[in-house]
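Each value in this text was obtained by applying a stated rule to the coordinates, not by laboratory testing. It should be emphasised that the depicted structure is a prediction, and the values quoted were computed from it without experimental measurement. Please note: Cβ atoms are built from the backbone with ideal geometry, for glycine as well, and neighbour counts cover all protein chains shown.
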Amino acid sequence: MRQFLKRLAIALLPVLLMGGFNFFRDRAHIVRSESFISGVRDSMQGGRQVAGLEDYNERALARQIAQQYATQPDVLILGSSRSAELTAWMCGGKDVLNLSVSGASWQDHVGLYIAAGQSGKLALVKKLYLCVDPWLLNPNNGEVRWQTLNDEVARAARNWQIKGYRSPYSERQWMAKLREMFNPLYAWENLTQAPVPFFATTDTVSTHKLVFSNGSIRQQKEKDARGLEESRERAREFASRKDLFHLAKFDRMDSACLRALEFMLKELQESGAEVHLLLMPFHPLVYTRMQTDRRYARVAEAENTFRSMAAAQGWRITGSYDPARAGMTELDFFDGMHLKRSVLTRLLKP
């Protein structure tokens with residue numbers, strides 16, 4: 001028996017060493033995610049921004065911001081990276097809570113709305129901007145990062161009786177962490193890639209992406225300064241991909257999304273908030289691909305659906321997926337689907 005245990009210990013030693021290495025290195029902040037996110041949030045105290053954030057759980061940070069934001073905002077923004085730079089002065093408000101996250105699905109919007117509501121942060125909201133990207137209506141968009149907010153989404157689905165929604169199997173957090181601790185691929189990543197440390201700063205413009213305490217971001221200053229040729233090249237690369245971002249297999253409209261958004265927006269409207277649906281345009285090269293490739297015919301249908309919803313409910317609608325209709329040219333983009341910060345106020349003008 002003693003010999004067996006000795007051999008077992010020798011056999012398990014490399015695995016245990018790998019687990020310890022992954023735990024302490026943890027470059028993607030998977031194993032120690034709670035302490036990492038709390039540290040980021042604490043660094044935002046005293047009117048500071050955080051710079052240098054990479055490979056982190058945006059949903060977890062947005063939820064903490066929604067729960068711990070110090071003031072009562074009068075403007076709420078829910079959206080994707082395409083609306084993440086919006087802030088109070090652009091929206092005609094005094095204080096904004098921007099809960100936009102990269103590649104947001106409708107579940108992200110609902111989950112963060114529920115988190116903010118439970119924390120009492122919606123009491124004084126007078127204006128909502130909801131960035132309605134076309135992939136919200138694509139049930140096959142492939143987005144899974146929202147599962148960080150699975151508890152909030154499941155609660156909303158039950159309360160609002162969203163037919164057709166099923167909470168997918170969601171791996172328990174401790175199980176996911178344990179799996180990554182003993183994942184050889186994560187060990188290789190930890191060995192070959194150095195984590196980029198974040199730091200607090202009072203700068204409002206930087207060569208790093210900045211994350212503000214109200215949830216909004218400011219992209220690296222070089223992105224707003226990109227010239228026509230560089231922006232066009234990035235848009236051309238985006239437009240030439242086999243599948244456009246989150247829009248593959250867009251073969252039907254997601255009825256669960258429509259139900260969830262309608263219920264959420266009506267709640268805010270009934271509480272006195274002015275609802276704005278924000279249709280962020282795509283770069284002309286990307287939009288041309290959408291018009292000429294029949295696989296993306298539902299992008300125009302998605303815009304029409306959101307416009308019909310807004311008209312029926314008395315919501316305001318701003319922008320268009322079509323850059324010409326939105327009044328934007330190639331010069332206004334820094335890549336295939338993101339507007340430069342300098343033109344966002346022009347897009348929001350009534």
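Data table
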quantity: At most 10 other Cβ within 10 Å, DSSP loop - trypsin sites (Lys or Arg not before Pro), region 270-350; calculated: none
quantity: Approximate spin-label separation Ala123-Trp188, in nm, with each point projected 7 Å along Cα-to-Cβ; calculated: 5.3
quantity: Rounded to whole Å, sorted largest first: equivalent-ellipsoid semi-axes of region 2-348, Cα gyration tensor; calculated: 35, 24, 23
quantity: Computed helical MRE - 222 nm, the chain, DSSP H runs ≥ 4 contributing -39500 (n - 2.57), nearest 500; calculated: -13500 deg cm²/dmol
quantity: Reference-scaled alpha-carbon Rg (2.2 N^0.38 Å with N residues) for region 174-277; calculated: 1.64
quantity: Assigned charges on the beta-carbon of Lys, Arg, Asp, Glu; the chain dipole about Cα centre (debye); calculated: 640
quantity: Those trypsin sites (Lys or Arg not before Pro) in region 75-140 that DSSP places in a loop and that have at most 16 other beta carbons within 10 Å; calculated: Lys94, Lys126
quantity: DSSP beta bridges in region 2-348 [antiparallel fraction, %, rounded to 5]; calculated: 35
quantity: Inter-probe distance in nm under a simple model that places probes 7 Å from Cα toward Cβ, at Phe24 and Asp95; calculated: 4.3
quantity: Acute angle (nearest 10 degrees) that the helix 255-270 long axis makes with the longest principal axis of the chain, alpha-carbon atoms; calculated: 70
quantity: Peptide ranges 277-285, 104-112, 264-272 listed from the most packed, as the mean C-beta count within 10 angstrom indicates; calculated: 104-112, 277-285, 264-272
quantity: Backbone HN-Hα couplings from phi across region 276-289 [Karplus 6.51/-1.76/1.60, Hz, Gly and Pro as x]; calculated: 10, 8, 10, 9, 7, x, 9, 4, x, 5, 6, 5, 4, 4
quantity: Cβ-based charge dipole, region 2-348, positive-most Cα from Phe198, Tyr321, Gln107; calculated: Gln107
quantity: Long-range amide H partners of Phe333 with built H, under 5 Å; calculated: Lys340
